[in-house]
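This report concerns only the one structure given below.
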Protein chains: 6
Amino acid sequence: MELTHFDEQGNARMVDVGEKAETQREAVAVGRIQMNEETYQAVQQGSMSKGDVLGVARIAGITGAKKTSDLIPLTHNINLTKVTLDFKLYPMTREIEASCTARTFGRTGVEMEAITGVSIALLTIYDMCKALDKGMEIGQIYLQKKTGGKSGDVYNRRQVRKED
Amino acid sequence: MELTHFDEQGNARMVDVGEKAETQREAVAVGRIQMNEETYQAVQQGSMSKGDVLGVARIAGITGAKKTSDLIPLTHNINLTKVTLDFKLYPMTREIEASCTARTFGRTGVEMEAITGVSIALLTIYDMCKALDKGMEIGQIYLQKKTGGKSGDVYNRRQVRKED
Amino acid sequence: MELTHFDEQGNARMVDVGEKAETQREAVAVGRIQMNEETYQAVQQGSMSKGDVLGVARIAGITGAKKTSDLIPLTHNINLTKVTLDFKLYPMTREIEASCTARTFGRTGVEMEAITGVSIALLTIYDMCKALDKGMEIGQIYLQKKTGGKSGDVYNRRQVRKED
Amino acid sequence: MELTHFDEQGNARMVDVGEKAETQREAVAVGRIQMNEETYQAVQQGSMSKGDVLGVARIAGITGAKKTSDLIPLTHNINLTKVTLDFKLYPMTREIEASCTARTFGRTGVEMEAITGVSIALLTIYDMCKALDKGMEIGQIYLQKKTGGKSGDVYNRRQVRKED
Amino acid sequence: MELTHFDEQGNARMVDVGEKAETQREAVAVGRIQMNEETYQAVQQGSMSKGDVLGVARIAGITGAKKTSDLIPLTHNINLTKVTLDFKLYPMTREIEASCTARTFGRTGVEMEAITGVSIALLTIYDMCKALDKGMEIGQIYLQKKTGGKSGDVYNRRQVRKED
Amino acid sequence: MELTHFDEQGNARMVDVGEKAETQREAVAVGRIQMNEETYQAVQQGSMSKGDVLGVARIAGITGAKKTSDLIPLTHNINLTKVTLDFKLYPMTREIEASCTARTFGRTGVEMEAITGVSIALLTIYDMCKALDKGMEIGQIYLQKKTGGKSGDVYNRRQVRKED
């Protein structure tokens, strides 16, 4: 097996998807940011009343998903037909989980769009909270689901942790 | 304590840094991507001979750090005087660690540039390896060091894991 | 009736257009900028000989229409098949009217592309004239026509003012 | 008097600001969007509970202000030290007024950043409401205040309308 | 014969391609950069071991090709299905030739994408070598091949120079 | 002598300019495009009356110079204080020469901004003329002048050709 983004000489390339069929393709990616109690409370309360951190992060993530081909060198520029971003709050572990769903009707998958949307959303939360907590950590970013396309559907399940 | 990116009415804003002093500021952020054995081998060998995944990711990360103010809504657009990206390989855990150092001589810190550089580099590795491994995970992204500026220097140390 | 850019929980989203039919879609938007007599004369003369303000504004507007999905968070990134920008001069009221026509063959309308093209063109005129007139006003920006797509054609007619 | 963005041959240029002094500069621009009653109610209610149109428009406007030099051809790329966006609701006329304040410590003014921020915010409101009202109008966009720099401060006052 | 990017009044426009057929389209463009012996050696050795100038230039060129519609005002924004960039070294003349192949399945050609990819790759080589050689020259940039589309295939052959 | 854009391990980096002095820096770059007689005539006549190819190319080049740090991976993002673009027509050889002057007050030179401005202007001419001439060639792009900064001024003179 080989890395498809390189030719036989080892040179990076944008792979040819011109012969692939146009189909409905969807991807869902998730990721988390963990913060201290005080910051977690500020975000949680903000999302209910004033200072809507997650509302800003949602817009940044959706916009970020649209920028994927500008950020990741060998990705194809494609037309997304849908992008949504949701957040779940985990008070026990003071984590916020971002989940991004991307869709296209096209010749190549949208995993990178979903995972980029998640990453930019989490970075935006980080930015808005960094004055309160300089020790936050972003992690557990992975592809949860991928459907459409020749290579078959993919479902990644992570073990549910007790505290969730 | 409050989220500084919101005014008293809870409206998001780009905070005023016009009165802050221009100083040398530096930030270092790190993050990791974990993959299966086969993919890890492909990346490791590529970085020595053909198919230089990390070389591509380094360029994407440096370019990404320069795009920070376009990606993260409330960040200031600043002039970076230096950006570097390094990678460390952890064969025991099949992880690649990206480390990004950003510098400016300016009125606001460069944490977001360093952490964005790390994130885009890791996403680029993900993109180039996703044909081989659909279960990779990006994580442990945090600020390691931040110097310069009024709020004082910051050093975050994570426990060194045995396998490292 | 509801704002379609929000889900049931009130969270912003890029709406799903994946099921919509691909059709020819066109939109025309207009807008005006009003300036003092001296500035109006400078623009009018420039467009005939030296200092072609409207030529620069036309290029900025066409380029701006192509950037719509990067500027307006919840718009879809689409492929425009045509963009034109025209100007009309109204000496009685010292106004310049910009009119932008955008077309696509796709799943969603191009109103935002047309209206963004108009806005960027007017802002560019503002920029080039602001040394002469600091009291200019941009206004009367609206969608004049929209055809193609399921929701039916739209024609907005404003009352013709005497001085036009 | 002449258009400064053209040389003696009438060729467009980015004017030289290298000799100008670095000073604190601020600009405030405003603009409005008018809509039908139903849509106005949806926006007003959304900004209190679900479907925060103005929250999304605020982020788009702040981000848009940072993109000014990419949108308006002859503007200088500058480092903004502050950007804020506020909204006022006028129920009598079913208008929403956006007001953008931009600041820099630099060699050239920030009028275009303020007025671009206002325009992008209003376009974003338009986008989110266009399913409800296809006859909205954007207008009354002008520079309200400009301070700092050699050419002197500018204050534009529009007649207060009765219904305001 | 006329310049198609202008209407009858001489106003620039993005031409309408909405009625053109969707077909497989490909373009190949080439270009060269010439440098002094020392710099040429540094690039040549780098591409084998340390300091991979051409690897960086390849990524910049591929990314640049994707930005074409943002750089060249009247081009259509299209979805590329493939982009590759290759380099050939000419020791006799101390030249590096970049060759870019772009493909799309769409309504308009990809010449500009190929030629922009070549140009950005050569500019990147220039940037990385300019500390060693301030007299480099970029040239011989032309379209080598263009297939697909109604206007027929194009093949440009330049005389092979002896030293090649 | 070494390529400064790589560290001791051969890894690409954005070099540190934080310790360099802020000075006035200027660069002038030139380049040419050669075309067939018919196309040359169309451009020459257009620049006098209808169809102003060079006017569009000038705007694209100035805008392109501002995008340099987004296009060329290891360049610093800097604030340009001036950009101008001029054209000279050479009827004997059917060439158009673009000349771009860039200035900054900063810590690093503006060669890349000047040479990128020239390249984008020439690519824009190519785009607008390619329907008439599919054999055009872009070339002779080099740095003509560079002043300011520690490394000393640079002047590159090419032999004046008879036909010029």
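C:MET136 sits among other residues whose Cβ lies under 11 Å from its own Cβ, and their net charge, with Lys and Arg +1 and Asp and Glu -1, is -1. Computed on chain F, with alpha-carbon pairs under 8 angstrom and 6+ residues apart, the relative contact order is 35 percent.
The calculated P(r) of the stretch E:29-148, using every Cα pair and 10 Å bins from 0, goes 15, 46, 27, 11, 1 in percent. Amide hydrogen proximity for E:LYS145: with H placed 1.01 Å from N in the peptide plane, the residues at 5 or more positions away or on another chain lying under 5 Å are E:VAL28, E:ASN156. Comparing mean-square fluctuations of E:ALA57, E:ALA12, E:ALA102 from a GNM of chain E with C-alpha springs under 10 Å, the top value falls on E:ALA12.
Other residues within the sphere of radius under 11 Å centred on the Cβ of D:SER69, judged by their own Cβ, net out at +1 (K and R +1, D and E -1). Neighbouring Cβ atoms from other chains, within 10 Å of the Cβ of residues in B:99-106, number 2 on average.
Coordinate range of the alpha-carbon atoms in the protein assembly as shown per principal axis, descending: 81, 75, 55 Å.
Over chain E, dividing the summed -39,500 (n - 2.57) contributions of all DSSP H runs of at least 4 residues by the number of residues returns a 222 nm mean residue ellipticity of -9000 deg cm²/dmol. Counting only whole DSSP H helices of chain A, the ones at least 24 Å long by C-alpha along their axis and with mean Kyte-Doolittle hydropathy no lower than -1.0 are A:111-129. Gap in Å between the Cα centre of the stretch A:1-71 and the Cα centre of the stretch C:111-148? Cα centroid of the stretch C:111-148 versus Cα centroid of the stretch A:1-71: 33 Å apart. Note on the stretch D:1-95: percent of Cα-Cα distances in each 5 Å bin, starting at 0 and stopping at the bin with the largest distance, equals 2, 9, 15, 17, 14, 11, 10, 8, 7, 5, 1, 0. Between copies, the label points of E:GLN24, set 7 Å from Cα on the Cα→Cβ line, lie 2.8, 2.8, 5.8, 5.8, 6.5 nm apart, reported in increasing order to one decimal in nanometres.
Taken one residue at a time, the phi angles of the stretch F:97-106 give Karplus couplings (6.51, -1.76, 1.60, θ = phi - 60°) of 9, 9, 10, 10, 10, 10, 9, 8, 10, x Hz. Gly and Pro are set to x. Report the residue, chosen from D:GLU38, D:GLU26, D:GLU113, that carries the largest GNM mean-square fluctuation when chain D is represented by alpha-carbon nodes joined by springs under 10 Å. It is D:GLU38. Going by a ≥ b ≥ c, the root eigenvalues of the Cα gyration tensor, does the stretch C:93-164 fall in the rounded group (a/c under 1.5), the prolate group (a/b larger than b/c) or the oblate group? The shape class here is oblate.
Straight-line cross-link reach from B:LYS146 at under 17 Å between alpha-carbon atoms covers these lysines, not counting any fewer than eight positions away in the same chain: A:LYS130, A:LYS134, B:LYS20, B:LYS82. Sorted from closest to farthest, the other copies place their F:THR93 label points 1.5, 5.3, 6.1, 6.1, 6.7 nm away, with each point set 7 Å from Cα along Cα→Cβ. Chain A residue nearest the axis that carries A onto B, by Cβ, with distance in whole Å, is A:GLY139, 2. With the label put 7 angstrom out from Cα along the Cα-to-Cβ vector, C:GLN45 ends up 2.9, 5.6, 6.3, 6.3, 7.3 nm from the copy partners, going from closest to farthest. Electrostatic bookkeeping for E:ALA114 treats Lys and Arg as +1 and Asp and Glu as -1; over the other residues with beta carbon under 10 Å from its beta carbon, the sum is 0.
Readers should treat all values here as calculations from the given coordinates under stated rules, not as data from a laboratory. Computed from a prediction, not measured in an experiment: that's the story for all the values here. A quick note on method: Cβ atoms are made from the backbone with ideal geometry, for glycine too, and the neighbour counts reach across all protein chains shown.
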